[in-house]
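A short worksheet on the structure shown next.
The values are calculated or read from the model by the stated rules, or taken from the named source; none is laboratory data. The model shown is predicted, which means the values in this text are computed figures rather than measured ones. For neighbour counting, all protein chains shown are included, and Cβ atoms are generated from backbone atoms with ideal geometry for every residue, glycine included. Calculation scope for accessible area: heavy atoms of the full protein, side chains included, ligands and nucleic acids excluded. Shrake-Rupley method; radii C 1.70, N 1.55, O 1.52, S 1.80 Å.
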Amino acid sequence: MLKKLLFSLSLIPISMLGQTICENGMAGQYPCNDYDLMSEISLATMGASAGNDSWGWTDPDTNKEYALIGLNNGTAFIDISNPTTPIYLGKLPTATGNSSWRDVKVYQNHAFIVSEASNHGMQVFDLKRLRNVATPPQTFNADTHFTDFGSAHNIVINEDSGYAYAVGTSRAGTYQGGPVFINIQDPLNPVSEGGFASSGARQYSHDAQVINYNGPDNDYTGREILIGSNEVEIVIADVTDKANPVNIATINYPDVGYTHQGWFTEDMKYFILGDETDEQGVGFNTRSIIFDFQDLDNPQRHMIYNGPTAAIDHNGYVLGDKFFLANYRAGVRVIDITDIENQNISEIGFFDTFPSNDNAAFNGVWNVYPYFTSGNIVISDIEKGFILIRQSNTLAVNDVATQSRSLQMYPNPATHDVTFKIGSTSSLNTIEFYNVLGKKVKEISLRTPVQEFNVSTTNLTAGIYIVKINNSITKKLIVR
């Protein structure tokens, strides 16, 4: 049934579903390859002058998706449950002053936000409050303001352990800008539990990834491992015992500019690093350096991947066999890492939000968040704000597979009304009607998700309609 559904969808022009399709290398004004533009919201709409970081949250009760967008003066919250018509719900203002650097992560339905603004500390915001925004946009307040540190460049969260790691705090402090350990298992009552200063050449961590290790090195199975991008080198540390963190290894590489950020492959065999200033300093194309981490005590440089443009790389994240790279002026680049073991990786798609050029300069895409199960991908852009994209000709397979089998739409053809009914393990959130020209003619957003809902068709002219349910299931409806 799934194959038949996907085949029938392939016969429907994607423009009918609301996207600006990537066609002949362009999606509207944006160069692209295999990724469509779903929607965008400008900085002006969000009352800001610059964008920076981003993350995402899926409401576990409603399955609605929300984008969290860092701004120079706060953090914006956007309901993207209907990705072609997102709702800007409002903003949590900065805790102190404005800053070009703000970072947000999510744990247990709470957002944790830091900034390089002086004495900003960490804001904690209960994301469940976004369920009940009656008159957007609103100005929100933090639920907790944690002030055990002042400014921070970034925040890292290990969701498996319930710890946050503030990095890039004061170089004059106890940990010299190294990670500060914060127990957030009770999200509204964070507790400081020390920190870590590397024994390497540089203690300051610009960014990091922290995971409960389950990779090929059996010496560290079950340990909490931190990989720090420490300006001039990578640091691997065991931070399981917060009172006694242990430096495992430091890694250097040639043509170092600024060791910025990296991410494990899902099997934890390899680590993909981005150096933020090597393109400017040396002059080669976008460079990603891949390390073999199968022996954490003795990591090795595995390969170098050079992209097709001169643009600077910023943040990159792994999802399955794809690496999603925020590539500043070159936009978001999607890289196939299926054969990374054999040093064979290649670009398979992109979406460029800075059409004028791909030079090595600090404009365009700051961050990309690819982890929504729907397939929606959040871009935070320095000049443009919020942009939402999605791979061309795709639906969220998990949603289609689990929901379409249990979704009923009857009668069809419909004369006066049509009923939608979904199984008890799912719920109806949004129902959209498109005519044969691709124009949306009717939309229903259910504030309280239900299993069954009746829609009147008396205001629809007779004809064929495409009905899109929960942004993942598409059906054909005939109205008489």
Legend entry - Residue match in region 222-244 (condition: assigned to a loop (DSSP other than H, G, I, E, B), surrounded by fewer than 20 Cβ atoms within 10 Å (Cβ to Cβ) and touching a helix residue (DSSP H, G or I) at 6+ places or on another chain (Cβ under 7 Å)): no
Inset, instruction - Report the residue count in region 102-125 for those that are open to solvent by 10 Å² or more (accessible area, probe 1.4 Å), of a type outside the set (Asp, Glu) and either modelled with pLDDT under 95 or in a loop (DSSP other than H, G, I, E, B) (or both). - result: 4
Inset, instruction - Name every residue in region 50-101 that is assigned to a strand (DSSP E or B), open to solvent by 10 Å² or more (accessible area, probe 1.4 Å) and over 30 Å from Val450 (Cβ atoms), in order of residue number. - result: Lys91, Pro93
Inset, instruction - Quick one: count up the residues across region 293-315 that are open to solvent by 40 Å² or more (accessible area, probe 1.4 Å) and either closer than 23 Å to Asn214 by Cβ or modelled with pLDDT under 95 (or both). - result: 5
Inset, instruction - Output the qualifying pairs, or none if there are none: Cβ atoms under 6 angstrom, residues six or more apart or on different chains, first residue in region 156-169 and under 20 Å from Ala117 (Cα atoms) and without any contact (Cβ under 8 Å) to a residue 40 or more places away in the chain, second residue open to solvent by less than 10 Å² (accessible area, probe 1.4 Å) and among the aliphatic types (A, V, I, L, M). - result: Thr169/Ala152
Inset, instruction - Please give the number of the condition Phe284 fails out of (1) outside any strand (DSSP E or B); (2) among the hydrophobic types (A, V, I, L, M, F, W, C); (3) under 26 Å from Pro216 (Cα atoms). - result: (3)
Inset, instruction - Could you please tell me which pairs satisfy a Cβ distance under 6 Å, a separation of 6+ or placement on different chains, a first residue in region 93-106 that is without any contact (Cβ under 8 Å) to a residue 24 or more places away in the chain, and a second residue that is open to solvent by less than 30 Å² (accessible area, probe 1.4 Å)? - result: Gly97/Ala117
Inset, instruction - Take region 191-215 and flag every residue that is part of a loop (DSSP other than H, G, I, E, B), in contact (Cβ under 8 Å) with a residue 40 or more places away in the chain and open to solvent by 50 Å² or more (accessible area, probe 1.4 Å). - result: Ser199, Ala201, Asn214
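Of all residues in region 420-450, count the ones that are polar (S, T, N, Q), open to solvent by less than 20 Å² (accessible area, probe 1.4 Å), in a strand (DSSP E or B) and over 12 Å from Val467 (Cα atoms). Let's see the steps before the verdict.
Step one: filter region 420-450 for residues polar (S, T, N, Q), giving 424-427, 429-430, 435, 445, 448.
Going one step further and asking which of them are open to solvent by less than 20 Å² (accessible area, probe 1.4 Å), we end up with 426-427, 429-430.
Still in the running and in a strand (DSSP E or B): 429-430.
Pick out the ones that are also over 12 Å from Val467 (Cα atoms) and you get 429.
Matching residues across region 420-450 total 1.
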Legend entry - Odd one out for Ile312, checked against (1) without any contact (Cβ under 8 Å) to a residue 40 or more places away in the chain; (2) under 22 Å from Ala50 (Cβ atoms); (3) of a type outside the set (Asp, Glu): (1)
Inset, instruction - Sort through Thr250, Thr265 and tell me the only one that's open to solvent by 20 Å² or more (accessible area, probe 1.4 Å), modelled with pLDDT of 95 or more and touching a strand residue (DSSP E or B) at 6+ places or on another chain (Cβ under 9 Å). - result: Thr250
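Only one residue in Ala67, Ala152, Ala111 is touching a residue at least 12 places away in the same chain (Cβ under 8 Å), among the small types (Gly, Ala, Ser) and more than 30 Å from Asn470 (Cβ to Cβ), so which one is that?
Working: Ala67 fails: more than 30 Å from Asn470 (Cβ to Cβ); Ala111 fails: more than 30 Å from Asn470 (Cβ to Cβ).
After ruling out the rest, the residue left standing is Ala152.
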Inset, instruction - Tell me which residues, restricted to region 268-283, are within 15 Å of Ala361 (Cα to Cα), open to solvent by 20 Å² or more (accessible area, probe 1.4 Å) and out of contact with any strand residue (DSSP E or B) (no Cβ under 6 Å at 6 or more places or on another chain). - result: Thr277, Gln280, Gly281, Val282, Gly283
Legend entry - Ser115, sole failed condition from (1) among the polar types (S, T, N, Q); (2) touching a Phe, Trp or Tyr at 6+ places or on another chain (Cβ under 7 Å); (3) over 21 Å from Thr144 (Cα atoms): (3)
Inset, instruction - Run Thr135 past the list (1) surrounded by fewer than 18 Cβ atoms within 10 Å (Cβ to Cβ); (2) part of a strand (DSSP E or B); (3) β-branched (Val, Ile, Thr) and report the number of the one that doesn't hold. - result: (2)
Legend entry - Test result for Thr169, among the polar types (S, T, N, Q) and surrounded by 17 or more Cβ atoms within 10 Å (Cβ to Cβ): yes
